[in-house]
Amino acid sequence: MLSLLAYGLAAVLDLFIAFIGARFLLAPSTAAAGYGVPAEPAGDSAYLAVKGLRDLTLGILGLALLVFVGARAEAWFMLVAALIPLGDMLIVLRHGGTKAVAFGIHLTTAIVVLISAALLFAA
C-alpha cells in the first residue's frame, strides 16, 4: 500500500510539473499570472519559455527515473527538486507577488514534494 501511494504521488507530481511546463510554453502570460508574478507583455517571453522548458524537462525526467530506475532514485530527485518551489516562493515574494500565492502554492508544493520524497525513501 505504501509503495502504491509513493509511486502514485510521485507520478502525479511529475505529470503536474510537466503540465505546468507545457502551459508556460503554450500560454505563457496565463501561466505567469498563475505563478504569482505577471509577465511583462513586451519582454518576458524568453524567460517564460526557459521556465516552461525547465519544468517540462524536469517532469519528464522524474517520470523516467520513476519508471526506469525506481523509488530510491526518484526520492533523491524529489528531495533536490523541492528546492525549486522554495526558490519560486522567494521569487514571488521578492517581485511583488502575494504571500497567499507564495506560501499557498509554492511552499505547499515544496512540502508535498518533500512528503513524496519521504514516502519514496520508505517504500
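Please determine, by comparing only the residues of the range 64-78 that are open to solvent by 50 Å² or more (accessible area, probe 1.4 Å) and either in contact (Cβ under 8 Å) with a residue 24 or more places away in the chain or acidic (Asp, Glu) (or both), which one is farthest from Gly34 (Cα to Cα). Only one residue fits best here, namely Arg72.
Residue-level check: of (1) farther than 26 Å from Leu9 by Cα; (2) assigned to a helix (DSSP H, G or I); (3) open to solvent by 80 Å² or more (accessible area, probe 1.4 Å), Arg54 misses just (1). Is there a residue being outside any helix (DSSP H, G or I), surrounded by fewer than 19 Cβ atoms within 10 Å (Cβ to Cβ) and not basic (Lys, Arg) anywhere in the range 79-96? The answer is yes, given that some residue of the range 79-96 is outside any helix (DSSP H, G or I), surrounded by fewer than 19 Cβ atoms within 10 Å (Cβ to Cβ) and not basic (Lys, Arg). Against the test of being in contact with a helix residue (DSSP H, G or I) (Cβ under 6 Å, 6 or more places away or on another chain) and over 20 Å from Leu4 (Cα atoms), the options Ala71, Ala102, Ala49 yield a single qualifying residue, Ala102. Taking the condition assigned to a helix (DSSP H, G or I), open to solvent by 40 Å² or more (accessible area, probe 1.4 Å) and touching a Gly at 6+ places or on another chain (Cβ under 8 Å), does Phe24 pass? Considered against the rule, which asks whether it is assigned to a helix (DSSP H, G or I), open to solvent by 40 Å² or more (accessible area, probe 1.4 Å) and touching a Gly at 6+ places or on another chain (Cβ under 8 Å), Phe24 comes out as no. The requirement of being assigned to a helix (DSSP H, G or I) and within 13 Å of the chain's Cα centre (by Cα) is fulfilled somewhere in the range 44-51, by at least one residue.
The values are calculated or read from the model by the stated rules, or taken from the named source; none is laboratory data. For clarity, every value in this text was computed on a predicted model and none was experimentally measured. So basically every Cβ, Gly included, is an ideal-geometry build from the backbone, and we count neighbours across all protein chains shown. What goes into the accessible areas is simple: the full protein's heavy atoms, side chains included, and nothing from ligands, DNA or RNA. Shrake-Rupley method; radii C 1.70, N 1.55, O 1.52, S 1.80 Å.
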